[in-house]
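The values are calculated or read from the model by the stated rules, or taken from the named source; none is laboratory data. All values derive from a computational prediction rather than experimental measurement. Note that each Cβ is placed from the backbone with ideal geometry, even for glycine, and that neighbours are counted across all protein chains shown. We work out accessible area using only protein heavy atoms, side chains counted, and drop any ligands, DNA or RNA first. Shrake-Rupley method; radii C 1.70, N 1.55, O 1.52, S 1.80 Å.
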Amino acid sequence: TTIQLVLGKYFGALFLILLALLPTLLYVVAIWYLGAPEGNLDSGVIIGSYFGLLFLGACYAAIGIFASMLSPNQIVSFILAVFLCFIAYFAF
């Protein structure tokens, strides 16, 4: 059905965002071990930042899928998605 196609595209985009965020955990581990007393790191802030990045990526993926629904041309959809994400970033 159509809703399965849209949800599959959205969850595929979310999975790609998650895969892009996973390698950055190496920085967290490196900072954890290189801290003056080992483990001197605010874990709550880091976990909250990762959740925020995941939710921001989910919002931008939804905007991108919405823009691709509006136009059959890929280039127009991309430009519209970038414009809408720009507006969402600076409006809120």
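Among the residues of segment 55-73, count how many are open to solvent by 50 Å² or more (accessible area, probe 1.4 Å) and in a helix (DSSP H, G or I). Full working, then the answer.
Step one: list which residues in segment 55-73 are open to solvent by 50 Å² or more (accessible area, probe 1.4 Å), which gives 55-56, 59-60, 66, 69-70, 72-73.
Within this subset, residues satisfying the condition of being in a helix (DSSP H, G or I) are 55-56, 59-60, 66, 69-70.
Of the residues in that region, 7 qualify.
Please enumerate the residues belonging to segment 74-92 that are open to solvent by 100 Å² or more (accessible area, probe 1.4 Å), assigned to a helix (DSSP H, G or I) and not β-branched (Val, Ile, Thr). Reasoning before the result, please.
Filtering segment 74-92 for residues open to solvent by 100 Å² or more (accessible area, probe 1.4 Å) gives 74-75, 78-79, 83, 86, 89-90, 92.
Pick out the ones that are also assigned to a helix (DSSP H, G or I) and you get 74-75, 78-79, 83, 86, 89-90.
Hits for segment 74-92 are Gln74, Phe78, Phe83, Phe86, Tyr89, Phe90.
State all residues of segment 71-82 that are farther than 19 Å from Ala58 by Cβ and either hydrophobic (A, V, I, L, M, F, W, C) or in contact (Cβ under 8 Å) with a residue 60 or more places away in the chain (or both); if no residue qualifies, say none.
Initially, segment 71-82 is screened for residues farther than 19 Å from Ala58 by Cβ, giving 71-76, 79.
Of everything in segment 71-82, those that are farther than 19 Å from Ala58 by Cβ and either hydrophobic (A, V, I, L, M, F, W, C) or in contact (Cβ under 8 Å) with a residue 60 or more places away in the chain (or both) turn out to be Ile75, Val76, Ile79.
Does Val28 fit the bill of being under 26 Å from Ile65 (Cβ atoms), assigned to a helix (DSSP H, G or I) and open to solvent by less than 80 Å² (accessible area, probe 1.4 Å)? Don't jump to the end; show me each part of the working.
Working: under 26 Å from Ile65 (Cβ atoms): no; assigned to a helix (DSSP H, G or I): yes; open to solvent by less than 80 Å² (accessible area, probe 1.4 Å): yes.
No.
What's the number of the only condition in (1) open to solvent by 100 Å² or more (accessible area, probe 1.4 Å); (2) part of a helix (DSSP H, G or I); (3) over 21 Å from Leu5 (Cα atoms); (4) not polar (S, T, N, Q) that Glu38 fails to meet?
For Glu38, the failing item is (2).
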